[in-house]
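The values are calculated or read from the model by the stated rules, or taken from the named source; none is laboratory data. What you are looking at is a predicted structure, and each value in this text was computed from that prediction instead of being measured. Note that each Cβ is placed from the backbone with ideal geometry, even for glycine, and that neighbours are counted across all protein chains shown. Only protein heavy atoms, including side chains, enter the accessible area calculation; ligands, DNA and RNA are left aside. Shrake-Rupley method; radii C 1.70, N 1.55, O 1.52, S 1.80 Å.
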Amino acid sequence: MHFVVYENHRLGIVDGDVVIDVTDVVGSGGQGPGGPLAALLEQGYDPAVFTPERLANLPRRALAQVRLKAPLPRPGKVIGAPVNYLEHKAEMSVTQTIADLGIFLKATSSVVGPGGPVRLPYLDKRTDQEAELAVVIGRTASNISASEALDYVFGYTCSLDITVRSTEDRSTRKSFDTFTPLGPWVITTDEIADPHKLEVLCWVNGLLRQQGNTRDLIFDVANLIAYTSSVMTLWPGDVILTGTPAGVGPIVDGNQVIVEIEKIGKLAVTVTAEGAIPYDARPGPRHNHSPR
Ligand code: MN
């Protein structure tokens, strides 16, 4: 199933070119900041609830006429995987991979939905797109093995891990508001038999910039979940970005960025420099400040 969140905390299932409104299945719990899909997962997702008979009696609208939001507008956690493809390691001229670096956290306030916009914070610091497969956790997971890890996945979606190329730690450079586009929907695992053979494509203004495949992940989805769950408990609705293949590059004002992942779909966002400031104008004293 393809779950979407749209307009005023509505939860939908996409069926061809229509959206079936399943908001009432979740009840009032879906009105909070985590949104209705997070509420569904917290309640314990049971696909048996969504029988064809039940869906047949629910209201529906044309998909093209609803405004899609991020499927998880405020996940419990957004986890990132640094240098998780060898070709991306090569293009960045770095010596370490995820095996050395571990994982990192992105602020959940960085999530934005289809369309974006992605807002560039600085006028004069390179900011890159990173197209990534995102994993949505369905069940609480702590210290689980790779062999059982995929049983803890609810579904998959497209994501961008937008990144400023500056000297700060990853969690700073990747946590600006709008730096984690997610969507357009979450596809449940029954439709993705194997997450380890999915093409990941990314276009910027119509030019193909990234073309990778999840078969080349260093920590594949199962190992990434096993490793992450050895560090922190994963909860339903947590999101793991699995890392970017080669082809990252600068995005600038007015760009359109499209991520397409095989069997999942396409996520498109626009980029704006509106409100961007010179890097040197950011708050905080610099190295030469004298201690009080
Ligand atoms: Mn990344």
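Is it the case that Lys197 is among the basic types (Lys, Arg) and not in a strand (DSSP E or B)? Spell out the reasoning first.
Details: among the basic types (Lys, Arg): yes; not in a strand (DSSP E or B): yes.
When the stated conditions are applied, Lys197 passes them.
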Condition check for Thr127: surrounded by fewer than 19 Cβ atoms within 10 Å (Cβ to Cβ), more than 18 Å from Leu72 (Cα to Cα) and polar (S, T, N, Q):
no
Given the conditions (1) over 30 Å from Asp124 (Cα atoms); (2) in contact (Cβ under 8 Å) with a residue 40 or more places away in the chain; (3) of a type in the set (D, E, K, R), and given that Asp253 satisfies all but one, which numbered condition is not satisfied?
(1)
Filtered residues of the range 121-140 (kept if basic (Lys, Arg) and farther than 19 Å from Thr233 by Cβ):
Lys125, Arg126
If Phe179 passes every condition in (1) within 16 Å of the ligand (Cβ to nearest atom); (2) among the aromatic types (Phe, Trp, Tyr); (3) open to solvent by 10 Å² or more (accessible area, probe 1.4 Å) but one, which one does it miss?
(3)
Qualifying residues in the range 75-91 (those that are aliphatic (A, V, I, L, M) and either loosely packed, with under 15 Cβ neighbours inside 10 Å or in contact with a Phe, Trp or Tyr (Cβ under 8 Å, 6 or more places away or on another chain) (or both)) - the one modelled with the lowest pLDDT:
Ala90
Tally of residues being buried (at least 17 other Cβ atoms within 10 Å of the Cβ) and in a helix (DSSP H, G or I) across the range 224-242:
6
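Out of all the residues in the range 2-53, which are assigned to a helix (DSSP H, G or I), under 18 Å from Thr108 (Cα atoms) and open to solvent by less than 60 Å² (accessible area, probe 1.4 Å)? Break it down into steps so the answer makes sense when it comes.
Our first condition is that a residue be assigned to a helix (DSSP H, G or I); within the range 2-53, this holds for 23-31, 35-43, 47-49, 52-53.
In the following step, the residues that additionally are under 18 Å from Thr108 (Cα atoms) were identified as 30-31, 35-39, 41-42.
Within the range 2-53, Gly30, Gly35, Pro36, Leu37, Ala38, Ala39, Leu41 qualify.
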Scan Leu58, Leu63, Leu41 and give me the residue that is within 20 Å of Gly265 (Cα to Cα) and hydrophobic (A, V, I, L, M, F, W, C).
Leu63
Residue list for the range 136-167, restricted to those being closer than 23 Å to Ala107 by Cα, charged (D, E, K, R) and away from the ligand (no atom under 16 Å from the Cβ)
Arg139
For Ala149, only one of the following conditions fails: (1) surrounded by fewer than 22 Cβ atoms within 10 Å (Cβ to Cβ); (2) assigned to a helix (DSSP H, G or I). What is its number?
(1)
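Scan the range 183-190 and tell me whether some residue there is exposed (fewer than 15 other Cβ atoms within 10 Å of the Cβ) and more than 22 Å from Glu91 (Cα to Cα).
Residues of the range 183-190 exposed (fewer than 15 other Cβ atoms within 10 Å of the Cβ): 190.
If we keep only those that are more than 22 Å from Glu91 (Cα to Cα) too, we end up with 190.
Taking every residue of the range 183-190 in turn, at least one turns out to be exposed (fewer than 15 other Cβ atoms within 10 Å of the Cβ) and more than 22 Å from Glu91 (Cα to Cα).
For the condition in contact with a Phe, Trp or Tyr (Cβ under 6 Å, 6 or more places away or on another chain) and surrounded by 13 or more Cβ atoms within 10 Å (Cβ to Cβ), what is the one hit in Ile264, Ile251? Walk me through it before giving the result.
Numbers: Ile251 fails: in contact with a Phe, Trp or Tyr (Cβ under 6 Å, 6 or more places away or on another chain).
Being in contact with a Phe, Trp or Tyr (Cβ under 6 Å, 6 or more places away or on another chain) and surrounded by 13 or more Cβ atoms within 10 Å (Cβ to Cβ) holds for just one of Ile264, Ile251, which is Ile264.
Can you name the residue in the range 55-74 that is part of a helix (DSSP H, G or I) and touching a residue at least 24 places away in the same chain (Cβ under 8 Å) and is also most open to solvent (accessible area, probe 1.4 Å) among such residues?
First pass over the range 55-74, keeping only residues part of a helix (DSSP H, G or I): 55-56, 63-65.
Next, only the ones that are touching a residue at least 24 places away in the same chain (Cβ under 8 Å) stay: 55, 63-64.
Values: Leu55: 24, Leu63: 37, Ala64: 100 Å².
Only one residue tops the list, namely Ala64.
So which of Gly212, Gly243 is touching a strand residue (DSSP E or B) at 6+ places or on another chain (Cβ under 8 Å), at positive phi and either assigned by TED's automatic domain parsing to the domain that holds Leu86 or within 15 Å of the ligand (Cβ to nearest atom) (or both)?
Exactly one residue qualifies, and that residue is Gly243.
Determine whether the range 271-284 contains at least one residue that is buried (at least 21 other Cβ atoms within 10 Å of the Cβ) and within 16 Å of the ligand (Cβ to nearest atom). Show your work before the answer.
Taking the range 271-284 and keeping what is buried (at least 21 other Cβ atoms within 10 Å of the Cβ), we get 271.
Within this subset, residues satisfying the condition of being within 16 Å of the ligand (Cβ to nearest atom) are none.
Checking the range 271-284: not a single residue is buried (at least 21 other Cβ atoms within 10 Å of the Cβ) and within 16 Å of the ligand (Cβ to nearest atom).
Select from the range 93-113 the residues that are touching a residue at least 12 places away in the same chain (Cβ under 8 Å) and part of a helix (DSSP H, G or I) and write down the one among them that is surrounded by the fewest Cβ atoms within 10 Å (Cβ to Cβ). Explain how you work it out, then say what you get.
Let us first name the residues in the range 93-113 that are touching a residue at least 12 places away in the same chain (Cβ under 8 Å), namely 96-99, 101-113.
This time we only want the ones that are part of a helix (DSSP H, G or I), so: 98-99, 101, 108-110.
Values: Ile98: 23, Ala99: 12, Leu101: 14, Thr108: 19, Ser109: 15, Ser110: 19.
The selected residue is Ala99.
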